[in-house]
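Engineer: Structure provided below as structure tokens; questions to follow.
No value in this document is a laboratory result; all are computed from the given coordinates. Model, not experiment: these values are computed from the prediction. Cβ atoms come from the backbone with ideal geometry, glycine included; neighbour counts cover every protein chain shown.
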Amino acid sequence: MKKITLLGIFAFASLSLFAQKKITTSASIKFDASTSVDNLPKAENKTAIATLNTQTGALVFEATVKNFAFSNPMMQEHFNGSSWLDSDKHPTFNYKGNITDLSAVNFTKDGVYQVKTEGVLTIKGIDQKLVTPATITVKGGAVVAAADFSIKLSDFSIGGAPIDGGKVAKEPKINVTAELK
């Protein structure tokens, strides 16, 4: 009887801990560096991994650089090349941060919650602090986290003639959306 009770307590605790962590392997990250000169520098990665701890507000995203898909194969080649993201040397980039105003979100009640996140974005092995507003939508137990922000390519040692010539935005727009379960 003691073994069954202990097993039941362990199972309940495991489920409780698991419920605190929401996960996805299909978060979407859109990259838009289009300008008035060139509308093609746009890509999307639908295979990013994301986790959210609903108790602590810890948020982690990781994306494989080569999984960004461009409509123009030449653009994809440049994006992965050594003067841009150098995906052979730096195959992933990530964000590790927290929801700073976690008390504004009720993960047990359907609703849309505006929050702020603070963390570190790492691209090409270079860490940059990132503070951005985000939206947390809770519906039927699922959580959707979304954020729109811009980055400065020069902050991550990304440069070159297309950027200097105005074909690629110096501060591309990034959209992140993750449905976490």
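Engineer: Over 29 Å between C-alpha atoms is what I'm after, so list which of LYS66/LYS96; LYS66/LYS139; LYS42/LYS116; LYS89/LYS167; LYS21/LYS170; LYS96/LYS170 land there. Please list the in-between numbers first.
Structural biologist: Working: LYS66/LYS96 20 Å; LYS66/LYS139 32 Å; LYS42/LYS116 26 Å; LYS89/LYS167 25 Å; LYS21/LYS170 35 Å; LYS96/LYS170 23 Å.
In this structure, LYS66/LYS139; LYS21/LYS170 exceed 29 Å between Cα atoms.
Engineer: On a full-extension model of 0.36 nm per residue, what is the gain between VAL37 and THR92, subtracting their alpha-carbon distance, rounded to one decimal in nm?
Structural biologist: Going from the current span to full extension adds 16.9 nm.
Engineer: Oh, and also: Once R0 is set to 45 Å, what does the formula 1/(1 + (r/R0)^6) return for the Cβ-Cβ distance between GLN55 and LYS173, expressed as a FRET efficiency to the nearest 0.05?
Structural biologist: 0.90
Engineer: Compute the Cα gyration tensor for the stretch 96-181, then decide on rounded, prolate or oblate, letting a ≥ b ≥ c be the square roots of its eigenvalues: rounded whenever a/c is under 1.5, prolate when a/b is larger than b/c in the other cases, and oblate in all that remain. Spell out each step's value before the answer.
Structural biologist: Numbers: a/c = 3.22, a/b = 2.36, b/c = 1.36.
Prolate is the answer for the stretch 96-181, as a/c is 1.5 or above and a/b outweighs b/c.
Engineer: I've got another one for you. Given 25 °C and 0.890 mPa s, how large is the Stokes-Einstein diffusion coefficient of the chain in µm²/s, with Rh as the Kirkwood radius over Cα pairs?
Structural biologist: Estimated via Stokes-Einstein, D reaches 138 µm²/s.
Engineer: Under a crude label model (7 Å from the Cα following the beta-carbon direction), how far is PHE149 from ASP164 in nanometres?
Structural biologist: Here the answer is 2.9 nm between the modelled labels.
Engineer: Still on this structure: In a shell of Cβ-Cβ distance under 14 Å around VAL143, excluding VAL143 itself, what net charge do Lys and Arg (+1) and Asp and Glu (-1) give?
Structural biologist: +3
Engineer: GNM, the chain, Cα, under 10 Å: largest mean-square fluctuation among GLY140, GLY57, GLY81?
Structural biologist: Between GLY140, GLY57, GLY81, it is GLY140 that shows the largest mean-square fluctuation.
Engineer: Nearest 10 degrees is fine. How inclined is helix 2-20 to the longest principal axis of the chain, computing both from alpha carbons?
Structural biologist: The angle comes out near 30 degrees.
Engineer: Show that you can apply the helix-only estimate: for the chain, add -39,500 (n - 2.57) for every DSSP H stretch of four or more residues, divide by all residues, and state [θ] at 222 nm to the nearest 500.
Structural biologist: -5000 deg cm²/dmol
Engineer: For Cα pairs less than 8 Å apart in space and 6+ apart in sequence, what is the mean separation divided by the residue count of the chain, i.e. the relative contact order in percent?
Structural biologist: 22 percent
Engineer: Less than 16 Å from a label point 7 Å out along the Cα-to-Cβ axis of ALA104: which backbone N atoms in the stretch 51-67 qualify, by residue?
Structural biologist: The answer is 57-59.
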